[in-house]
Structure formats: structure tokens, C-alpha cells
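Inspection log for the structure reproduced underneath, given as C-alpha cells.
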Amino acid sequence: MRNDLTIYDDVADQWWSDDIRWVRTLKNLVPGRLAWFDRQIGWSDKAVLDLGCAGGFMAEALEDRGARVTGIDPAEQAIAAARAHAQAAGRRIRYDVGVGEALPYADGEFDAVVCVDVLEHVSDLDRVLAEVARTLRPGGLFLFDTINRNLLSRLATITMAEDILRLLPRGTHDPALYIKPVELRAGLMTAGLVPGPLTGLGPRGINRRGDLVFGWLPLTTILYMGTARKPDD
């Protein structure tokens, strides 16, 4: 089975334990993403949606930067883990169960929407992008990452990461759902968003535990990050 989204619920009770290598990998991606996202936006007092938040790694990091954060994900057990962890720490993050194709939020509710490790999993990319555009205020920013579609990205994310190194569970990704930058740019413009710069994302070293650490890279061949802005009225 490809694009197996049940994996997030399956490990929800261990999401914050650091006991599972592939979950630690997801956690280790957050600083690398934010090292570039922080250059695009000031987070303080911004209303931010973490679209596809899973157990809350990015949501908590955004709140640490002063954002007013809402997280949404279809994985109910992962959302329960996110709520429990936030409550234990006295955080004021709102978590909802839902999908990107039908966001339960008002038009123009958010200053920014963050969507990482998500677009390559959704059932209707154009609908998700339309919902992002709808829920952004005029001038709001969409920040994302996803996986390019080519032979090298399939080798890196499926053959190496899933099958050989086991950095991710087998079946996590379906390479048919990967998105070429030119395709995503077209989808963003169709949704009424103005595409911004792109950059790569990838391994930059290994920590003391033997896990990869990540950062932004010049090449967008495998993983890439980007932004798009909703035009002002």
C-alpha cells in the first residue's frame, strides 16, 4: 500500500517520546524548514494554520516564535497526542481534525498557512490550494514543502529512505503523487496565489544520535520549499 496515512495514528502514543527513528526524522526536519521560513515572515502575533500538523512538532515551534497557532490533520489519534502534549505544557494551540480539501475556517482567517510533508499526500491538490487561498487574508503567505517528481527523488525517498535505510515506514509515499515545481506553480496561480521563491531541503549532517539533521539547499531536485502570497485587495 502506498500513501499510507495510517502510520501517523499508529505511533500517536509515542509521538513525543523520541523512541521511533522515523518520527525523530520528522522532528529533525522542523529546524531546517524554519531556518528558511523565518527569512520569509515574522511570526509574532500572526494567526497561523499548520495544515497537516500530525502530532504538533511544527505547531509548537511556531508558537515558540510568537504565532497564534491552529493545527489541523485527518489523523485523529495524532491530533489527540498533539492536544495532550500542548495541554501538559500550558500551550494555547487549537487542534482540529479535518482535511485540507474542506477546511472548517472562515474566509481570510489566517495571516499564514504552513503546509509541510502534506501536498504529496492529498487526494485533491487543486482543492487544497483553493482552500489555502480562501482561508488566507489578503496579503497572507503560504509556506510549504513537498517532493519533486523524477527518478532521483523516487530513488532517494522510496528506495533509500523507505526500503534500505528505513528512515520512513514502507508505503509512506506514492511517487505518482509527487509534484514538479512547474505543476505546483501552475496550481498556485490557478488558486489565485502569487508564487514566490523556491529552495531545496535536505540532509546537512548527522547528530549525536546518528539521525540526519536538515537544512535548506540550492537544489530542488528532491525536496523543495517555497512560498506564495495572496494578493492584497
Which condition does residue 169 not pass, out of (1) more than 17 Å from the chain's Cα centre (by Cα); (2) farther than 22 Å from residue 58 by Cβ, if it passes all the others?
(2)
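Condition check ((1) in contact (Cβ under 8 Å) with a residue 12 or more places away in the chain; (2) more than 15 Å from the chain's Cα centre (by Cα); (3) surrounded by fewer than 23 Cβ atoms within 10 Å (Cβ to Cβ)) across all residues:
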residue: 20; (1), (2), (3): no, yes, yes
residue: 31; (1), (2), (3): yes, no, yes
residue: 40; (1), (2), (3): yes, yes, yes
residue: 51; (1), (2), (3): yes, no, no
residue: 66; (1), (2), (3): yes, yes, yes
residue: 73; (1), (2), (3): yes, no, no
residue: 85; (1), (2), (3): yes, yes, yes
residue: 96; (1), (2), (3): yes, yes, yes
Residue list for segment 151-176, restricted to those being surrounded by 16 or more Cβ atoms within 10 Å (Cβ to Cβ) and part of a helix (DSSP H, G or I):
153, 154, 156, 157, 158, 161, 162, 175
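Quick test for you: out of 157, 135, pick the one residue that is touching a residue at least 12 places away in the same chain (Cβ under 8 Å), polar (S, T, N, Q) and over 19 Å from residue 111 (Cβ atoms).
From the options 157, 135, the qualifying one is 157.
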Considering residues that are among the aliphatic types (A, V, I, L, M) and outside any strand (DSSP E or B), the number found within segment 203-233 is 2
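When you check residue 45 against the structure, is it surrounded by fewer than 20 Cβ atoms within 10 Å (Cβ to Cβ), under 19 Å from residue 83 (Cα atoms) and either in contact with a strand residue (DSSP E or B) (Cβ under 8 Å, 6 or more places away or on another chain) or at pLDDT below 95 (or both), yes or no?
In short, no.
From 134, 127, 91, which residue is under 29 Å from residue 13 (Cα atoms), surrounded by fewer than 20 Cβ atoms within 10 Å (Cβ to Cβ) and at pLDDT 95 or above?
91
The values are calculated or read from the model by the stated rules, or taken from the named source; none is laboratory data. Just so we're clear, the structure is a prediction, and the values are computed from it rather than from any experiment. Glycine gets a Cβ as well: all are built from the backbone with ideal geometry, and neighbour counts include every protein chain shown.
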